[in-house]
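These notes concern the structure reproduced below.
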Amino acid sequence: MKSLHRTSTAQESFDSSAVNRRTLLGAALGVGGTALLAACGSQGQGASSSSSAASASAAESATASAASSAAPSPVVSATSASASASASSSPLALAQPSVESQPHSLRCLVNKMRPFAQQDWEPSDLVEFYGHQLRAEAAKAADTMIDAAVTDGVTMLVSSAYRSYAVQQQTYQYWVSVNGQQVADQLSARPGYSEHQTGLAIDFASPEGCRLEECYRDTLAGQWLAKNAPRYGYILRFPNGRQSVTGYHFEPWHYRYVGVQIAQEYVSSGAKTFEEFIGTGAAPDYASAN
């Protein structure tokens with residue numbers, strides 16, 4: 001195993017001027033009757049089923065503190081509510097509250113309807129990773145995965161990984177200044193709502209190009225990841241055609257670490273999104289326009 005503290009002269013850095021950050025959402029998406037659920041970092045409302053609770057217990061990572069080293073920020077109020085709407089109102093109308101809402105958990109779900117309860121929360125176990133940062137367990141797994149890809153003749157670059165609340169503020173405000181808030185909400189997560197803040201997400205790139213574009217799917221790296229990532233504990237976070245659930249168009253470059261066991265369970269379950277697997281409602285848009 002090579003050292004996690006690696007950099008590469010070919011490594012791409014995050015370029016805030018890249019106007020192709022994400023494909024724009026084509027139309028306004030409705031919440032579909034799904035209520036706001038408990039935010040990561042708050043106390044959850046209990047398991048959706050005994051089997052889900054057992055799975056969460058077995059997969060739980062006991063590392064990392066939920067304390068932030070930054071100055072306190074306002075806490076987001078997010079109350080768990082029932083998601084028992086009719087099956088026609090939402091793809092996940094029968095979803096239950098998440099079985100895990102602690103931000104250090106590998107099962108922690110962050111999306112447009114589930115922000116961090118402590119907005120500026122940051123992991124306590126970040127390590128250097130290809131010119132970026134990532135939580136130690138996720139970095140070790142990604143390092144192994146990248147080495148395996150190299151063995152298969154595939155080169156993977158890292159475009160982005162952990163982003164602090166402050167960095168996400170800068171990223172989001174950039175898009176607001178360029179395109180306005182409505183478009184910015186389709187390109188970048190609001191600060192406190194970004195999965196990158198978990199320290200478990202990576203935006204991959206390839207020397208073939210198609211950086212942060214859907215054509216990344218057709219690169220050698222994109223094809224290799226789609227086939228092999230779950231073996232190393234990573235899942236494709238924003239699948240094709242599921243933006244009504246995840247809130248984002250297809251992002252073949254964005255992978256989220258959940259651990260090998262959970263990744264295998266995810267694949268075996270047939271779930272199309274992490275929202276469906278965890279058992280929460282769809283999150284096509286923010287709960288409010290603040």
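If the condition is being buried (at least 21 other Cβ atoms within 10 Å of the Cβ) and in a helix (DSSP H, G or I), then region 255-265 contributes 262, 263. Here residue 198 passes the criteria (1) within 19 Å of the chain's Cα centre (by Cα); (2) under 13 Å from residue 251 (Cα atoms) except the one numbered (2). Within region 155-174, if we keep just the residues that are of a type in the set (Phe, Trp, Tyr) and under 15 Å from the mean Cα position of the chain (by Cα), the residue that is farthest from residue 212 (Cα to Cα) turns out to be 165. If you go through region 203-249 and pick out every residue that is charged (D, E, K, R) and farther than 22 Å from residue 276 by Cβ, you end up with 5.
For region 110-119, the count of residues that are among the hydrophobic types (A, V, I, L, M, F, W, C), at pLDDT below 95 and either in contact with a Lys or Arg (Cβ under 7 Å, 6 or more places away or on another chain) or closer than 21 Å to residue 263 by Cβ (or both) is at least one. Residues that are closer than 18 Å to residue 212 by Cβ, without any contact (Cβ under 8 Å) to a residue 24 or more places away in the chain and either in contact with a helix residue (DSSP H, G or I) (Cβ under 8 Å, 6 or more places away or on another chain) or not in a helix (DSSP H, G or I) (or both) do not occur anywhere in region 121-141. Might you let me know whether region 213-228 holds any residue that is under 14 Å from the mean Cα position of the chain (by Cα) and under 14 Å from residue 256 (Cα atoms)? The answer is no, given that none of the residues of region 213-228 is under 14 Å from the mean Cα position of the chain (by Cα) and under 14 Å from residue 256 (Cα atoms). Just one of (1) within 17 Å of residue 225 (Cα to Cα); (2) over 16 Å from the mean Cα position of the chain (by Cα) fails for residue 287. It is (1).
One residue alone among 239, 252 is in a loop (DSSP other than H, G, I, E, B), in contact with an Asp or Glu (Cβ under 8 Å, 6 or more places away or on another chain) and modelled with pLDDT of 95 or more, and that residue is 252.
When region 144-189 is filtered for residues that are closer than 20 Å to residue 112 by Cβ and part of a loop (DSSP other than H, G, I, E, B), the ones remaining, listed by number, are 162, 163, 164, 180, 188, 189. Can you say whether residue 158 is aliphatic (A, V, I, L, M) and surrounded by fewer than 16 Cβ atoms within 10 Å (Cβ to Cβ), as far as the supplied structure shows? So residue 158 fails the test.
Checking every residue in region 101-109 against the condition of being at pLDDT below 85 and either touching a strand residue (DSSP E or B) at 6+ places or on another chain (Cβ under 8 Å) or part of a loop (DSSP other than H, G, I, E, B) (or both) gives at least one match. So if I check each of 279, 247, which one is under 17 Å from the mean Cα position of the chain (by Cα), modelled with pLDDT under 95, under 25 Å from residue 167 (Cβ atoms) and buried (at least 20 other Cβ atoms within 10 Å of the Cβ)? The unique qualifying residue is 247.
Looking only at residues in region 198-220 that are touching a residue at least 40 places away in the same chain (Cβ under 8 Å) and over 17 Å from residue 130 (Cα atoms), which one is surrounded by the most Cβ atoms within 10 Å (Cβ to Cβ)? Among those residues, the one meeting the criterion is 198.
The values are calculated or read from the model by the stated rules, or taken from the named source; none is laboratory data. Computed from a predicted structure; not experimentally measured. Every residue, glycine among them, receives a Cβ derived from its backbone with ideal geometry; neighbour counts consider all protein chains shown.
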